[in-house]
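The values are calculated or read from the model by the stated rules, or taken from the named source; none is laboratory data. It should be emphasised that the depicted structure is a prediction, and the values quoted were computed from it without experimental measurement. Glycine also receives a Cβ, built like all others from the backbone with ideal geometry; neighbour counts cover every protein chain displayed.
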Amino acid sequence: MTHTGASSYATQRAPLESQISTILAQSSPASVDFRVMAAIVPNSSDLEGGTFIADVYKSLPDQDIETVISISPNSGEPFKRITVCSLDSYNSPLGDVEVDDAVRNELCDEDDDIFVDDRGHYTHTGVDVQLPFLQQLLNGFSVVPLVMGVETPEFCKELGSAVGEIMTNKRALVVACVEIEEATDRGLQLFKEHLTNLDVPAMMVLLNQESEIKVKGKGPVLVAMIASAHRRANAVSFTGTKLPAESSPGYAGALIGRY
């Protein structure tokens, strides 16, 4: 199923700031009492998806985050590499955010399939949607925008391990940008079950079979789970889920961390 629709977000600073502030003020945060390592958020440029994004970020118990590592699926022609954008700072209508060059270089050194390359970036999804929310809630953070050219199990394992290593002793948040394209009730329930159990093998089977649920961003989900496992994650809190409809995608919002 293909879901189409133009972005509903304002493009100028003042109206966008007002939009995001209103969505955040009306959000329904979950009560989270563990240290958060990763967030699952909608890869959505519409305002309905924004309400799910807001619920996730407002649920963060600790907003003292230095680095946000954003992982997005590729929305164009596939390419066999993982890319980090080449910019020194990432532009948002709410102001530029520094790209963490040290973490970018560490990631490229950590794995042969990660390159400084602008392919897959600047598509008005992924980090472009997430930054205005984060800018309203966090202070002085940097960003590392990653795009997976393909979402193979091998790439998921490589990137998950690399990100997990990089996150050690850093106040970092992995943000996995995800869109549920198709799902049965059972498929969404299995997705929630495998994420709650942090069962990477079961989630990999479910997302690669695509018989019960089809996710654009399965790679980012698996990377977030693998990276969090490297830091001994043992807790998951869902902030919301929604099945896809005829004219709109499904959404999932969750936080992963450790008590």
From the option list THR22, THR11, single residue qualifying as over 18 Å from the mean Cα position of the chain (by Cα), of a type in the set (Val, Ile, Thr) and assigned to a loop (DSSP other than H, G, I, E, B) is THR11
Candidate set: the stretch 185-202, residues that are more than 23 Å from VAL36 (Cβ to Cβ) and free of Cβ contacts under 8 Å to residues at least 40 places away in the same chain; chosen: the one surrounded by the most Cβ atoms within 10 Å (Cβ to Cβ) = GLY187
Per-region count, the stretch 76-94, residues without any contact (Cβ under 8 Å) to a residue 60 or more places away in the chain and not in a strand (DSSP E or B) | 7
Subset of the stretch 95-120 (residues that are free of Cβ contacts under 8 Å to residues at least 12 places away in the same chain, within 18 Å of SER142 (Cβ to Cβ) and in a loop (DSSP other than H, G, I, E, B)) | ASP96
Looking at (1) of a type in the set (S, T, N, Q); (2) more than 16 Å from ALA176 (Cα to Cα); (3) in contact (Cβ under 8 Å) with a residue 12 or more places away in the chain, find the lone condition where SER44 falls short.
-> (2)
Test result for ARG171, modelled with pLDDT under 95 and out of contact with any Leu (no Cβ under 9 Å at 6 or more places or on another chain) = yes
Within the stretch 108-145, the count of residues that are on the phi < 0 side of the Ramachandran plot and among the small types (Gly, Ala, Ser) comes to 1
For the stretch 53-75, how many residues are outside any loop (DSSP other than H, G, I, E, B) and among the hydroxyl-bearing types (Ser, Thr, Tyr)?
-> 4
Hey, can you tell me all the residues within the stretch 227-259 that are touching a Gly at 6+ places or on another chain (Cβ under 8 Å) and crowded, with 24+ Cβ neighbours inside 10 Å?
-> ALA227, SER228, THR239, PRO249, TYR251, ALA252, GLY253
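Could you say which residue among SER228, SER247, SER237 is in contact (Cβ under 8 Å) with a residue 24 or more places away in the chain, of a type in the set (Ser, Thr, Tyr) and in contact with a His (Cβ under 9 Å, 6 or more places away or on another chain)?
Answer to the selection: SER247.
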List, please: which pairs have Cβ atoms under 7 Å, are six or more places apart or on different chains, and start with a residue in the stretch 28-41 that is of a type in the set (S, T, N, Q) and end with one that is at pLDDT 95 or above?
-> SER28/ASP55
